[in-house]
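What follows is a set of notes on a single structure, which appears directly below.
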Amino acid sequence: MLVAALASMPLFAILWLAVDADRDFWPHLARTILPNLAQTTLILMVGVGIGVAVIGVATAWLVSLCRFPGRGFFEWALLLPFAMPAYLVAYTYVDFLEFAGPVQSWIREIAGWTRPHDYWFPDIRSLGGAVLVLSLTFYPYVYLSARTAFLQQSGAALEVARTLGHTPWAVFFRVALPLARPAVSIGVILALMETLGDFGAVNHFAVRTLTIGMYDVWLGMGNAGGSAQIAVALLGFVLLLIALERVARRGSRFHDTGLQIRAASPFTLGPLKAAAAIAACAAPLTFGFLLPAGILLRMALTRGVDAFDAAYAGYAFNSLVLAGLAAGLAVGVGVFLAYGARISAGRLQQALTRIAAIGYVIPGTVLALGVMIPFGRFDNALDAFMRESFGVSTGLVLSGTLGALLFAYVVRFLALSFGAIEAGLVRITPAMDMASRSLGQGKAGTLWRVHLPLLRGPLLTAALLVFVDCMKELPATLILRPFNFDTLSTHVYNFASLGRLEDSALAGLSIVAAGLLPVILLSRAMAGVRNEA
């Protein structure tokens with residue numbers, strides 16, 4: 001109960017502040033900025049939802065059930081955009097496509113133009129640019145879930161459709177895609193949650209979403225209550241996504257009715273279709289990973305050894321230490337919660353455990369506000385008590401400290417560690433617990449001597465996922481970090497905001513290198529799915 005209360009404290013703090021805030025400010029928000037913020041957010045969500053669904057489903061179908069040259073390479077390479085934070089992709093594209101960038105400079109040199117009014121070029125810093133970049137960054141969520149669904153579908157259903165005269169495209173649209181709809185919906189929802197929580201990319205593109213509006217009202221206008229009210233509206237979008245998906249598939253069944261499931265035989269593509277499949281798979285890989293990573297690499301090589309200075313070493317050290325501590329804490333709390341749920345079958349225990357793992361659906365900016373509110377109240381109350389009782393000022397004990405940032409990391413990514421550990425515990429038969437207890441071990445001894453050795457793989461996976469996400473996390477870090485304390489992500493944000501991305505290119509590449517680790521794990525997991533199929 002204590003862990004659940006601490007983990008859910010930021011969410012309840014936001015709800016309380018939103019209700020307790022100045023009630024006159026909400027009508028002002030509703031009349032002025034809120035409609036535009038909500039409209040922009042909705043358009044962004046629709047655009048990204050369509051983008052990730054089209055890219056993710058199409059590429060997943062091609063590499064899962066079509067045979068063409070390079071298919072084995074694209075199976076794992078299409079996951080590489082997972083390693084690129086959205087804000088890094090946004091920074092590189094703006095630098096690459098803006099007026100002073102290499103693309104427009106080359107066009108002007110070829111055509112002899114000198115002024116922006118001499119020609120038309122699409123503005124990358126726009127809502128359309130944000131939709132494009134976020135779609136290229138988040139489509140792996142749909143690709144991963146859709147590909148797993150396609151691989152696990154019964155080949156009998158697809159072959160029956162072919163014997164009834166359906167072409168491969170008709171089989172895809174009328175059989176495979178409807179059966180994979182739950183998996184596709186989950187992938188789209190995860191991508192849209194990331195879209196709602198994104199701060200760095202949309203801010204760099206000057207797209208005013210609810211996240212940006214919340215940040216401006218809180219830190220720009222100094223109105224935490226109004227910011228909390230926008231945060232509640234933002235959370236409403238998240239809950240609406242989940243509710244719509246569940247309502248859409250209410251009463252539907254997607255499982256196979258046979259006792260044995262046989263994998264489907266791939267379609268062999270002719271030369272023209274194979275070339276089109278290669279182009280369709282190469283495009284998101286190139287524009288979602290290879291091009292941004294190549295731009296960063298060119299910038300880092302241009303700087304040369306000057307990039308390896310003391311400042312970079314300090315940022316890297318801060319990121320590694322913070323991410324390592326957060327991963328250790330999240331795994332420890334995840335083990336505590338997952339094992340507690342295993343040995344206690346009570347509904348209250350199960351419900352509290354689920355509440356504790358809700359932080360992943362909270363955007364980083366919202367979470368930062370939820371952490372600052374209770375921590376600030378505690379610091380003010382403690383300082384007032386010490387002044388009145390002992391004449392001593394304690395200052396800020398929790399706010400603006402590494403402890404607050406670590407707490408936010410653990411709450412934000414606890415769902416990742418809890419999910420991985422719970423999945424590992426499910427695979428351990430209860431007979432192991434009973435055998436351990438019969439040999440004189442208590443609950444703690446059973447956990448230490450039986451379960452933890454068997455959970456080495458899930459524990460490593462959980463720690464790695466939390467570690468990498470902490471390395472990439474920007475909005476909560478930007479708000480909660482102590483003064484004069486920067487990580488790799490905040491360092492990149494600061495210099496990109498000043499138009500000096502090349503000075504932080506090495507830091508960006510370091511974040512990408514860390515993000516490649518879960519891609520390797522996902523590739524191995526997907527290979528296991530194919531072998532099982």
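Quick one: how many residues across the stretch 33-65 are β-branched (Val, Ile, Thr), under 19 Å from Arg208 (Cβ atoms) and modelled with pLDDT of 90 or more?
We begin by selecting, within the stretch 33-65, every residue β-branched (Val, Ile, Thr); these are 33, 40-41, 43, 46, 48, 50, 52, 54-55, 57, 59, 63.
Still in the running and under 19 Å from Arg208 (Cβ atoms): 33, 40-41, 43, 46, 48.
Keeping just the survivors that are modelled with pLDDT of 90 or more gives 40-41, 43, 46, 48.
Result for the stretch 33-65: 5.
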Anything in the stretch 297-333 that is farther than 24 Å from Arg481 by Cα and of a type outside the set (Lys, Arg)? List them, or say none. Leu297, Met299, Ala300, Leu301, Thr302, Gly304, Val305, Asp306
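Quick check on Met372: is it part of a helix (DSSP H, G or I), surrounded by fewer than 16 Cβ atoms within 10 Å (Cβ to Cβ) and either among the hydrophobic types (A, V, I, L, M, F, W, C) or touching a residue at least 12 places away in the same chain (Cβ under 8 Å) (or both)? Full working, then the answer.
Details: part of a helix (DSSP H, G or I): yes; surrounded by fewer than 16 Cβ atoms within 10 Å (Cβ to Cβ): no; either among the hydrophobic types (A, V, I, L, M, F, W, C) or touching a residue at least 12 places away in the same chain (Cβ under 8 Å) (or both): yes.
The answer is no for Met372.
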Scanning the stretch 67-81 for residues that are surrounded by 22 or more Cβ atoms within 10 Å (Cβ to Cβ) and part of a helix (DSSP H, G or I) gives Pro81
Filter the stretch 429-480 for residues that are polar (S, T, N, Q) and crowded, with 18+ Cβ neighbours inside 10 Å and give the result. Ser436, Thr446, Thr461, Thr477
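For the stretch 95-127, give me the residue count where each residue is small (Gly, Ala, Ser) and either in contact (Cβ under 8 Å) with a residue 40 or more places away in the chain or not in a helix (DSSP H, G or I) (or both). It would help to see each step written out before you state the result.
Quick first cut of the stretch 95-127, residues small (Gly, Ala, Ser) only: 100-101, 105, 111-112, 126.
This time we only want the ones that are either in contact (Cβ under 8 Å) with a residue 40 or more places away in the chain or not in a helix (DSSP H, G or I) (or both), so: 100-101, 112, 126.
Number satisfying all stated conditions: 4.
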Exactly one condition in (1) more than 19 Å from the chain's Cα centre (by Cα); (2) assigned to a helix (DSSP H, G or I); (3) surrounded by fewer than 21 Cβ atoms within 10 Å (Cβ to Cβ) is not met by Ser64; state its number. (3)
Which of the residues belonging to the stretch 405-431 are hydrophobic (A, V, I, L, M, F, W, C) and more than 21 Å from the chain's Cα centre (by Cα)? Leu425, Val426, Ile428, Ala431
Any chance Thr41 is touching a helix residue (DSSP H, G or I) at 6+ places or on another chain (Cβ under 6 Å) and within 23 Å of Asn203 (Cβ to Cβ): yes
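Does Leu398 count as within 30 Å of Phe199 (Cα to Cα), not in a helix (DSSP H, G or I) and not acidic (Asp, Glu)? If you could, list the steps in order and put the result at the bottom.
Details: within 30 Å of Phe199 (Cα to Cα): yes; not in a helix (DSSP H, G or I): yes; not acidic (Asp, Glu): yes.
Considered against the rule, which asks whether it is within 30 Å of Phe199 (Cα to Cα), not in a helix (DSSP H, G or I) and not acidic (Asp, Glu), Leu398 comes out as yes.
Taking the condition touching a Gly at 6+ places or on another chain (Cβ under 9 Å) and either assigned to a helix (DSSP H, G or I) or among the acidic types (Asp, Glu) (or both), does Val468 pass? Spell out how you get there, then give the answer.
Numbers: touching a Gly at 6+ places or on another chain (Cβ under 9 Å): yes; either assigned to a helix (DSSP H, G or I) or among the acidic types (Asp, Glu) (or both): yes.
For Val468, the condition - touching a Gly at 6+ places or on another chain (Cβ under 9 Å) and either assigned to a helix (DSSP H, G or I) or among the acidic types (Asp, Glu) (or both) - is met.
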Hey, does the stretch 444-460 have a residue that's within 21 Å of Leu367 (Cα to Cα), of a type in the set (Ser, Thr, Tyr), part of a helix (DSSP H, G or I) and in the same structural domain as Leu322 (by TED's automatic domain parsing)? no
Test for Leu329: is it assigned by TED's automatic domain parsing to the domain that holds Tyr409, of a type in the set (A, V, I, L, M, F, W, C), without any contact (Cβ under 8 Å) to a residue 12 or more places away in the chain and surrounded by fewer than 20 Cβ atoms within 10 Å (Cβ to Cβ): no
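The values are calculated or read from the model by the stated rules, or taken from the named source; none is laboratory data. As the structure is a prediction and not an experimental result, all values here were calculated from the model. Cβ: placed from backbone, ideal geometry, glycine included. Neighbour counts: every protein chain shown.
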